[in-house]
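Visitor: I have a structure I would like to understand better, so I am pasting it below and will then ask my questions one at a time.
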Amino acid sequence: MAGSATIEPFVTISQDVVIGEGTWIGPHVAIMDGARIGRDCRIFPGSVISAVPQDMKYKGEKTRVTIGDRTIIRECVTINKGTNAFGTTIIGQDCLLMAYSHVAHDCRIGDHVILVNYVGLAGEIEIGDYAFLGGQTGVHQFVRIGAHTMIQGGSKVGKDVPPFVTAGRDPVRFEGLNLVGLRRRGFTEELIEEIHEIYRFIYQRGLNTSQALERIENELVGNGERDMIVSFIRNSKRGIIRGPFDGIEES
């Protein structure tokens, strides 16, 4: 543990813990074996970091939680360490986990991710950079959520959510691009329109997923964003969320 970290009263720190320089640990936090906490983090009262997984296959193996620099963990957040499935639960840099959110074993969360109050992540979930999950969202195990996504509060996410989109309603569906987030991060209007055209093929032209991906690769100019979306969808094991009108009968 770095000498300049601040540890407030009534904190419990187990063995095999590393806490980075400049990090503040508030009162009544419990940090258990296997925690690796970066620099300049802030962990608020009542949080439990690196508790054993709530998973029947965990047999006491030596695993970890890794938390990146400058991440803020608010009151009563719980983060479980990994299992043999992956070995480590990872929270990236500059994240904000609001009060009472839960991150289960072997989740891998990118940088600049925000989990609003009461978000619940089951095991082995992947979340890309700059994703935003609204309050009381529940995410099924093994789901992947792409970078720069925004998910409406109260959503139940059981399918993969591809990058750059907004998702909501019940069941959760594609609702368009995350325009506010993309513009805030410097995406040009030209690039946003290129991303929008990709999702027109996927959700608005009556194509199945294979047909849409083939046409995207054949008809649209390749760039990092196009390749990210195509790769994400091709590698989806659970399938991606539906379009806004899939399965809805018109009156």
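The values are calculated or read from the model by the stated rules, or taken from the named source; none is laboratory data. Keep in mind that this is a model prediction, so the values were computed, not measured. Quick reminder, even Gly has a Cβ in these numbers, built from the backbone with ideal geometry, and neighbours come from all protein chains shown.
Residue-by-condition table, conditions (1) assigned by TED's automatic domain parsing to the domain that holds Thr89; (2) closer than 20 Å to Ser236 by Cα; (3) touching a Leu at 6+ places or on another chain (Cβ under 7 Å):
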residue: Ala122; (1), (2), (3): yes, yes, no
residue: Glu126; (1), (2), (3): yes, yes, no
residue: Asp129; (1), (2), (3): yes, yes, no
residue: Phe142; (1), (2), (3): yes, yes, no
residue: Thr149; (1), (2), (3): yes, yes, no
residue: Gly153; (1), (2), (3): yes, no, no
residue: Lys159; (1), (2), (3): yes, yes, no
residue: Glu189; (1), (2), (3): no, no, no
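A quick yes/no check of all residues on (1) in contact with a helix residue (DSSP H, G or I) (Cβ under 9 Å, 6 or more places away or on another chain); (2) surrounded by fewer than 19 Cβ atoms within 10 Å (Cβ to Cβ):
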residue: Val119; (1), (2): no, no
residue: Phe132; (1), (2): yes, no
residue: Gln136; (1), (2): no, yes
residue: Arg144; (1), (2): yes, no
residue: Ser155; (1), (2): no, no
residue: Pro162; (1), (2): yes, no
residue: Leu179; (1), (2): yes, yes
residue: Gly186; (1), (2): no, yes
residue: Glu189; (1), (2): yes, yes
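Visitor: Right, here's the next one. Name, by its number, the condition in (1) part of a helix (DSSP H, G or I); (2) closer than 22 Å to Gly120 by Cα; (3) not β-branched (Val, Ile, Thr) that does not hold for Lys237.
Guide: Answer for Lys237: the failing condition is (1).
Visitor: Would you mind telling me which numbered condition in (1) assigned to a strand (DSSP E or B); (2) among the small types (Gly, Ala, Ser); (3) without any contact (Cβ under 8 Å) to a residue 24 or more places away in the chain Ala167 fails?
Guide: Among (1) assigned to a strand (DSSP E or B); (2) among the small types (Gly, Ala, Ser); (3) without any contact (Cβ under 8 Å) to a residue 24 or more places away in the chain, the lone unmet condition for Ala167 is (3).
Visitor: Select from region 210-251 the residues that are loosely packed, with under 14 Cβ neighbours inside 10 Å and hydroxyl-bearing (Ser, Thr, Tyr) and write down the one among them that is farthest from the chain's Cα centre (by Cα).
Guide: Among those that are loosely packed, with under 14 Cβ neighbours inside 10 Å and hydroxyl-bearing (Ser, Thr, Tyr), it is Ser251.
Visitor: When residues of region 33-72 are filtered for being touching an Asp or Glu at 6+ places or on another chain (Cβ under 8 Å) and at pLDDT below 95, how many remain?
Guide: Residues flagged as touching an Asp or Glu at 6+ places or on another chain (Cβ under 8 Å) and at pLDDT below 95 within region 33-72 amount to 0.
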